[in-house]
Amino acid sequence: MNLTGKTVFLTGASAGIGAATALAFAAEGARLLLAARRLDKLSKVAEAAQARGAQAVHSIPLDVRDQPAVAAAVAALPAEWAEIDILVNNAGLSRGLDKVHQGSIEDWDEMIDTNVKGLLYVTRAVVPGMVERGSGHIVNLGSTAGELTYPNGAVYCATKAAEKAINDGLRQDLLGTPLRVSSIDPGMVETDFSRVRFRGDEARAAKVYQGLQPLTPEDVADAILWAVSRPAHVNIAHVLMTPVAQANSLLFHRETTGTMGNTR
Ligand code: 8X3
């Protein structure tokens, strides 16, 4: 399928996988509706997307955790942005790496509110229009963490297991319509992910990727683009992708130490 002129709504577009996905769609001549909390960062992505060939770019400040704000933002879209062809539910984060019995309630709330409830709020606001128009593709960002839980990551892994259930449920609920639903599930990707998880502790974040070559945000954007550009009768349910040095969310190999393990 040709993506030229398609309207793509992308959450969490200001950095990481979101920003790389914006640029990948831009190179295909798509129209980009970019959403993120940080408008200053988002405007840089918008500029780069325009330079990369996006047909048009529209940026909106959005915190996906704020349900009334999500509903209002989608309802208030200018007419030329209201018909969304592709929704990429990318906004998400991890916070902390703790045992459940020692975990921070605040961290849990932030992950669940963003990764699960935020994804649902945006989906609930955007998908009815797609159903009405009889056209659309929803791409959700999952994770190897949703396939297999790792130690100290129970709540983050639970949010990604929820994403998997919502992705699969939505596909069943939309059966009989021409809409498509896909989940792209990466393993380790080098973004701000670990810096956010460890609240800016650079040394600890760097250790996560030490001695192995992680995926890049562009690798993931590439998979998203592949999933949405299949012929209209093809639905990609899941794409599970890892660096070669990672077998699953429990097992990876670090060159520096020659060790295999699951220590993040
Ligand atoms: C991110 C995967 O293994 O870095 O969703 O937590 S992992």
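The figures follow:
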{"read-out": "Shape metrics for the chain, restricted to C-alpha atoms - Rg then Dmax, Å", "value": "17.8, 56"}
{"read-out": "Surface per residue (accessible, 1.4 Å probe) for the chain, Å²", "value": "45"}
{"read-out": "Extension reserve of the Thr263-Ala206 stretch, reckoned as 0.36 nm per residue once the Cα distance is removed", "value": "19.3 nm"}
{"read-out": "Proximal lysines relative to Lys99, as straight alpha-carbon distance under 22 Å, when same-chain residues fewer than 8 apart are discounted", "value": "Lys160, Lys207"}
{"read-out": "Share of carbon and sulfur in the accessible heavy-atom surface of segment 4-147 [1.4 Å probe, %]", "value": "50"}
{"read-out": "Cα gyration tensor shape of segment 38-84, rounded if a/c is under 1.5, else prolate or oblate by comparing a/b with b/c", "value": "oblate"}
{"read-out": "Accessible-area order (highest first, 1.4 angstrom probe) of the listed residues Met260, Met241, Met130", "value": "Met260, Met241, Met130"}
{"read-out": "By accessible area with a 1.4 Å probe, ligands and nucleic acids excluded, highest first: order of Thr123, Thr259", "value": "Thr259, Thr123"}
{"read-out": "Residue-span extension gain [Ala76 to Thr177] - 0.36 nm each, minus C-alpha spacing", "value": "33.8 nm"}
{"read-out": "Helix-derived mean residue ellipticity, 222 nm - over the chain, DSSP H n ≥ 4, -39500 (n - 2.57), to 500", "value": "-11500 deg cm²/dmol"}
{"read-out": "Top positive-direction residue, dipole computed over segment 7-260 with Cβ charges, set Val220, Met111, Tyr150", "value": "Tyr150"}
{"read-out": "Over the chain, relative contact order from alpha-carbon pairs under 8 Å, at least 6 apart, %", "value": "19"}
{"read-out": "Dipole moment magnitude, nearest 20 debye, segment 7-260 about Cα centre, only Lys, Arg, Asp, Glu C-beta charged", "value": "120"}
{"read-out": "Percent of beta bridges antiparallel (DSSP, segment 7-260, rounded to nearest 5)", "value": "10"}
{"read-out": "Accessible surface ranking that places the most exposed of Lys207, Lys160 first, with a 1.4 angstrom probe", "value": "Lys207, Lys160"}
{"read-out": "Pair Arg133, Gln102: separation of 7 Å Cα→Cβ label points (nm)", "value": "5.0"}
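The values are calculated or read from the model by the stated rules, or taken from the named source; none is laboratory data. Source: prediction; values computed, not measured. Positions of Cβ are generated from backbone atoms using ideal geometry, with glycine treated the same way; all protein chains shown enter the neighbour counts. These accessible areas exclude ligands, DNA and RNA; they are computed on the full protein's heavy atoms, side chains included. Shrake-Rupley method; radii C 1.70, N 1.55, O 1.52, S 1.80 Å.
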